[in-house]
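Chemist: What follows is a single structure, and I will ask about it in a moment.
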Amino acid sequence: METAWPQHIIAQLKAYRIRFLSYVPDAIGEQILRLARQDPFFDILPLAREEEGVGVVAGQYMGGARGALLMPTAGVGNALNALASLAIPYQVPLPMFIGWRGELGEFNAAQVPLGQALPALFAALHIPTFVLRYAPEVPTVVAGALKLAYSAEQPVAVLISTQLAGWKDER
Amino acid sequence: MINRLRATRFIVAQVHDEPIIASLGNPKFDLFAAGDRPQNFYMWNSMGMAASMGLGLAMARPAQKVIVLDGDGALLMNLNALTTAAARAPQNLIHVIWDNRQFALTGGQPTHTAFRADLAQLARGAGFERVVAVDTQEAFEQAFLQAMATPGPWIIVARVDDQQATARPPKSPTYIKHRFMQSLGAYDT
Ligand SMILES: Cc1ncc(C[n+]2csc(CCOP(=O)(O)OP(=O)(O)O)c2C)c(N)n1
């Protein structure tokens, strides 16, 4: 059977020794977390607000361990100041996996403004941003994004599109 | 009332190689004045993030006490972080909050602890069990020694006077980071 995209992300996280996963839930990220919960390699921290995750991953990294942040599109809005004032100036490798709402197939108008602004927000902060659209490209894009985060010591954003992960069938 | 600089000097005299994360403004200024050391992390902005960074550091280094020096204003901006840290409850975390009941750095405007908010009660409500509120140097020293010697996580809310700090630590974030990581032997290769 074909390997599903969340399994490829899990495999790359392990290959890059990213043991700590901090998250605020969303339906797309949950597809990754569901697998991570069954794997003793991972140590998962539920957050109350996405901004916390920027500080948590910074602390883990400076303590000698790697962490990633999983969050919904709306959470990027909650995390912006910490990205700009902690992760970027202190050069923290911070892989972010974002369930991209407000894009293809969105039913909820209140998800659209931030979702449409997401690439421009990251571009304005010079945070490299990659979109996962097709299953075969997932291993390469995720591995490349992680490699870049640690070599350049900076945050990277991986946007998981609804084209890959599916959209809600609500109208 | 406690003087933040005097209490910070006590902390620095007690630690060996334990990392200390200091929040923006006065907590980090006084940490520098009390004794610059590579294991000091000076946060130059990211208001509220000291609490979260301390949690991450405590998770990464379970064998060592990790100390956070926070301000009441900064913590009030990231109160949800208390609920996250209490749920995880790392035994090695010591979170000290200097409660001067104001945003001193920006001109002394009152924070909500000047009125009805009580950070020790909020910490208990978040799920912390070892919470102490102190308002004398002697009580602070006793609480800090207990926190260093026994499993936490510990929350110490210290009522401090309104003295402003004058010292200024190094300003380069990357210098602070590399020095800090090197001192912890935390280099990621
Ligand atoms: C997000 C954000 N809002 C506001 C500020 C401005 N600011 C810098 S320090 C500070 C006061 C911090 O208060 P507290 O943590 O209680 O420390 P104190 O200055 O009282 O020692 C404020 C409001 C900021 N840097 N970031």
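The values are calculated or read from the model by the stated rules, or taken from the named source; none is laboratory data. Keep in mind it's a predicted model, so treat the numbers as computed, not measured. Backbone-built Cβ (ideal geometry, glycine too); neighbour counts: all protein chains shown. Just the protein is used for accessible areas: all its heavy atoms, side chains included, with ligands, DNA and RNA removed. Shrake-Rupley method; radii C 1.70, N 1.55, O 1.52, S 1.80 Å.
Chemist: Could you check the range A:129-155 and list, in sequence order, the residues that are closer than 16 Å to residue A:79 by Cα and in contact with a helix residue (DSSP H, G or I) (Cβ under 6 Å, 6 or more places away or on another chain)?
Modeler: Residues satisfying the conditions are A:129, A:155.
Chemist: Continuing with the same structure: Quick one: which residue in B:133, B:126 is modelled with pLDDT of 95 or more and under 28 Å from residue B:37 (Cα atoms)?
Modeler: Answer to the selection: B:133.
Quick grid of which residues meet (1) part of a strand (DSSP E or B); (2) surrounded by fewer than 16 Cβ atoms within 10 Å (Cβ to Cβ); (3) among the polar types (S, T, N, Q); (4) touching a Gly at 6+ places or on another chain (Cβ under 9 Å):
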{"position": "A:112", "(1), (2), (3), (4)": "no, yes, no, yes"}
{"position": "A:116", "(1), (2), (3), (4)": "no, yes, yes, yes"}
{"position": "A:140", "(1), (2), (3), (4)": "no, yes, yes, no"}
{"position": "A:149", "(1), (2), (3), (4)": "no, no, no, no"}
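Chemist: Could you list, in sequence order, the residues of the range B:146-165 that are in contact with a Phe, Trp or Tyr (Cβ under 7 Å, 6 or more places away or on another chain) and either at the interface with chain A (Cβ under 10 Å from one of its Cβ atoms) or within 16 Å of the ligand (Cβ to nearest atom) (or both)?
Modeler: B:155, B:156, B:158, B:160, B:165
Chemist: Looking for something more than 16 Å from the ligand (Cβ to nearest atom), of a type in the set (A, V, I, L, M, F, W, C), under 12 Å from the mean Cα position of the chain (by Cα) and open to solvent by 10 Å² or more (accessible area, probe 1.4 Å) - is there at least one such residue anywhere in the range A:89-110?
Modeler: Within the range A:89-110 (the criterion being more than 16 Å from the ligand (Cβ to nearest atom), of a type in the set (A, V, I, L, M, F, W, C), under 12 Å from the mean Cα position of the chain (by Cα) and open to solvent by 10 Å² or more (accessible area, probe 1.4 Å)), the answer is yes, since at least one residue qualifies.
Chemist: Scan the range A:48-78 for residues that are in a loop (DSSP other than H, G, I, E, B) and either modelled with pLDDT under 95 or open to solvent by 20 Å² or more (accessible area, probe 1.4 Å) (or both) and report the count.
Modeler: 3
Chemist: Can you name the condition, by its number, that residue B:106 falls short on among (1) among the β-branched types (Val, Ile, Thr); (2) within 12 Å of the ligand (Cβ to nearest atom); (3) touching a residue at least 12 places away in the same chain (Cβ under 8 Å)?
Modeler: It is condition (3) that residue B:106 fails.
Chemist: I would also like to ask the following. Looking at the range B:76-89, can you tell me whether even one residue there is within 10 Å of the ligand (Cβ to nearest atom), in contact with a strand residue (DSSP E or B) (Cβ under 8 Å, 6 or more places away or on another chain) and either assigned to a helix (DSSP H, G or I) or within 14 Å of chain A (Cβ to nearest Cβ) (or both)?
Modeler: No, the range B:76-89 has no match at all.
Chemist: For the range B:108-145, name all the residues that are assigned to a strand (DSSP E or B), under 20 Å from residue B:5 (Cα atoms) and in contact with a Phe, Trp or Tyr (Cβ under 6 Å, 6 or more places away or on another chain). Walk me through it before giving the result.
Modeler: Restricting attention to the range B:108-145, the residues satisfying the condition of being assigned to a strand (DSSP E or B) are B:109-110, B:130-134.
Of the ones still in play, those that are also under 20 Å from residue B:5 (Cα atoms) are B:132-134.
Of everything in the range B:108-145, just one residue is assigned to a strand (DSSP E or B), under 20 Å from residue B:5 (Cα atoms) and in contact with a Phe, Trp or Tyr (Cβ under 6 Å, 6 or more places away or on another chain), namely B:134.
Chemist: State the number of residues belonging to the range B:1-35 that are among the polar types (S, T, N, Q) and open to solvent by 40 Å² or more (accessible area, probe 1.4 Å).
Modeler: Number of matching residues: 1.
Chemist: Give me a count of the residues in the range B:85-108 that are surrounded by 24 or more Cβ atoms within 10 Å (Cβ to Cβ) and among the polar types (S, T, N, Q).
Modeler: So the answer is 1.
Chemist: I'd like to check something: does the range B:10-22 contain any residue that is within 12 Å of the ligand (Cβ to nearest atom) and at pLDDT 95 or above?
Modeler: Taking every residue of the range B:10-22 in turn, at least one turns out to be within 12 Å of the ligand (Cβ to nearest atom) and at pLDDT 95 or above.
Rundown of residues vs (1) more than 14 Å from every other protein chain (Cβ to nearest Cβ); (2) open to solvent by less than 40 Å² (accessible area, probe 1.4 Å); (3) away from the ligand (no atom under 16 Å from the Cβ); (4) under 13 Å from the mean Cα position of the chain (by Cα), yes/no style:
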site	(1), (2), (3), (4)
B:37	yes, yes, yes, no
B:40	no, yes, yes, yes
B:44	no, no, no, no
B:62	no, no, yes, no
B:68	no, yes, no, yes
B:110	yes, no, no, no
B:129	yes, no, yes, no
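Chemist: Out of the residues in the range A:16-32 that are assigned to a helix (DSSP H, G or I) and of a type in the set (Gly, Ala, Ser), state the one that is most open to solvent (accessible area, probe 1.4 Å).
Modeler: A:27
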